[in-house]
Amino acid sequence: LAMSSATSTASLPSGLGVLTTFPDVLFIPEIIFGGLVWILVAPSEIPLPILQGWVMFVSVFCFVMSITLLCLYLGGVHGGSSSWVTLVSGCDK
């Protein structure tokens, strides 16, 4: 009970405040390294091209999800709901 009241009082940042908090600022290196994965995987020669396709699919999907979540946070779509913390931690695994 005490934990739920503590999480409900904490406010999530929105707008440019997202870029000033530690957990949320990790979106930036995640997006940069996601782009680097594309650069490294795309020119690789793999004996089974279907495997390279799956790796590219996963990296593109994670990259798009990171960009989408960052834009949603910047836009303040979360409305301060603590369930967004669970969504972000689930997507970043």
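The values are calculated or read from the model by the stated rules, or taken from the named source; none is laboratory data. A quick note: this is a predicted structure, and the numbers were derived from the prediction, not measured. So basically every Cβ, Gly included, is an ideal-geometry build from the backbone, and we count neighbours across all protein chains shown.
Got a sec? Which helices (runs of 4 or more DSSP H) wholly within segment 24-93 have at least 1 residues that are of a type in the set (Ser, Thr, Tyr) and at pLDDT 80 or above?
On the way: elements: 27-41, 49-75, 83-91.
Passing ranges, in order: 49-75.
Mind listing whichever residues of segment 31-62 are loosely packed, with under 13 Cβ neighbours inside 10 Å and of a type in the set (S, T, N, Q)?
Selection gives Ser44 alone.
Name the residues in segment 42-67 that are over 11 Å from the mean Cα position of the chain (by Cα) and within 27 Å of Leu87 (Cα to Cα), would you?
Result: Gly53, Trp54, Val55, Met56, Phe57, Val58, Ser59, Val60.
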